[in-house]
Amino acid sequence: MDTARMTVGAPGRPLDRWWSLLFAVSGVALLPWIVLLYLFQPAVAAVGNLALAATGALAVLAVGLLVSAALTLARSRYLAMISTATATLALCAGFFHVVTGTADNPRAAAFATVVVVGPVAVLGILVARHGARPRRRGTDRLIAVLFVLGAVATVLAWVRAASMGFDAQYAHHLKIAWIALDVAEAGALLLTAAALWQHPARVPAAAAVTGTLLCSDVWFNVVGATGEARTNAIQMAFVSIPLAVAALWVGVREIRQARQAE
């Protein structure tokens with residue numbers, strides 16, 4: 001058993017080095033793309049199905065909160081990873097909702113973000129930081145209730161947004177939105193690479209952020225784009241989705257190996 005603790009989770013494992021190299025190269029490869037976005041991405045552009053984009057993001061967010069509630073009660077090792085991914089999605093969806101919104105109803109966008117998405121993200125981050133450390137059953141039940149309430153609030157926020165309509169045909173501040181998202185992706189990829197190389201315990205959280213950002217990028221890009229831009233977005237998804245799956249798989253594998261080492 002002691003031998004397992006020394007080998008599993010130790011930095012510099014041969015397979016981890018290859019994964020680390022993959023994520024590091026991917027993160028660096030995003031930097032020229034960010035420069036191109038800065039030079040050529042228009043600030044305002046036509047958008048596609050806003051209702052589908054919002055529904056998909058908020059539905060996954062609500063599911064993530066409910067799963068986090070169940071994992072909290074089960075005291076699962078996967079709680080930190082799932083709650084990290086949920087918090088990342090909440091921040092990403094809220095950011096896009098506010099930054100790319102039209103001038104028709106900016107207060108509604110800010111209200112939904114601050115009142116719903118903000119607390120949901122904070123809850124996910126706090127739970128993720130605590131990880132699998134022991135808690136009292138009463139605390140677990142309270143956290144689970146908060147997750148469920150967050151899911152309910154998310155659904156209500158979507159209903160409110162849907163009742164107001166998704167008739168906007170143009171998204172604003174797209175240059176800021178896409179550059180910020182790609183900078184976050186590059187940072188997450190590099191952090192995942194560094195964690196694989198030296199800090200295996202941080203791999204699940206870093207991988208969860210990376211996978212969630214990549215999937216969010218694909219979702220908003222494919223659903224929100226129109227015409228030739230959508231074709232380009234679908235082509236880019238063939239790179240982003242496998243990379244996201246790889247990141248999430250690496251995070252899950254690290255959790256399993258840590259459990260086997262005990």
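The values are calculated or read from the model by the stated rules, or taken from the named source; none is laboratory data. Keep in mind it's a predicted model, so treat the numbers as computed, not measured. Ideal geometry is used to build each Cβ from the backbone, glycine not excepted, and the neighbour counts take in all protein chains shown.
Note down all Cβ pairs under 7 Å where the first residue falls in segment 27-41 and is closer than 14 Å to VAL239 by Cβ, the second is surrounded by 12 or more Cβ atoms within 10 Å (Cβ to Cβ), and they're at least six residues apart or on different chains.
From residues that are closer than 14 Å to VAL239 by Cβ, the pairs are GLY27/ALA186; GLY27/LEU189; GLY27/LEU190; GLY27/ALA193; LEU30/ASP182; LEU30/GLU185; LEU30/ALA186; TRP33/ASP182.
Criterion first (outside the structural domain of LEU52 (by TED's automatic domain parsing) and either modelled with pLDDT of 95 or more or among the polar types (S, T, N, Q) (or both)) does GLY251 satisfy it? Steps first, answer last, please.
Numbers: outside the structural domain of LEU52 (by TED's automatic domain parsing): yes; either modelled with pLDDT of 95 or more or among the polar types (S, T, N, Q) (or both): yes.
Judged against the criteria, GLY251 is a match.
If GLY131 passes every condition in (1) on the phi > 0 side of the Ramachandran plot; (2) modelled with pLDDT of 90 or more; (3) of a type outside the set (Lys, Arg) but one, which one does it miss?
So the condition that GLY131 fails would be (2).
Can you go through PRO242, PRO204 and tell me which one is loosely packed, with under 15 Cβ neighbours inside 10 Å, assigned to a helix (DSSP H, G or I) and either touching an Asp or Glu at 6+ places or on another chain (Cβ under 9 Å) or not assigned by TED's automatic domain parsing to the domain that holds LEU126 (or both)?
PRO242
Would you be able to say whether some residue in segment 82-97 is outside the structural domain of LEU214 (by TED's automatic domain parsing), part of a helix (DSSP H, G or I), touching a helix residue (DSSP H, G or I) at 6+ places or on another chain (Cβ under 9 Å) and modelled with pLDDT under 80? Please lay out each step first, then the result.
Step one: of segment 82-97, the residues outside the structural domain of LEU214 (by TED's automatic domain parsing) are 82-97.
Next, only the ones that are part of a helix (DSSP H, G or I) stay: 82-97.
This time we only want the ones that are touching a helix residue (DSSP H, G or I) at 6+ places or on another chain (Cβ under 9 Å), so: 82-97.
Those left that are additionally modelled with pLDDT under 80: 97.
The answer is yes; a qualifying residue exists.
Under the condition of being among the β-branched types (Val, Ile, Thr) and farther than 20 Å from ALA51 by Cβ, which residue from segment 225-239 is surrounded by the most Cβ atoms within 10 Å (Cβ to Cβ)?
Taking segment 225-239 first, the residues among the β-branched types (Val, Ile, Thr) are 226, 231, 234, 239.
From the residues that got through so far, the ones that are farther than 20 Å from ALA51 by Cβ too are 231, 239.
Values: THR231: 11, VAL239: 13.
My answer is VAL239.
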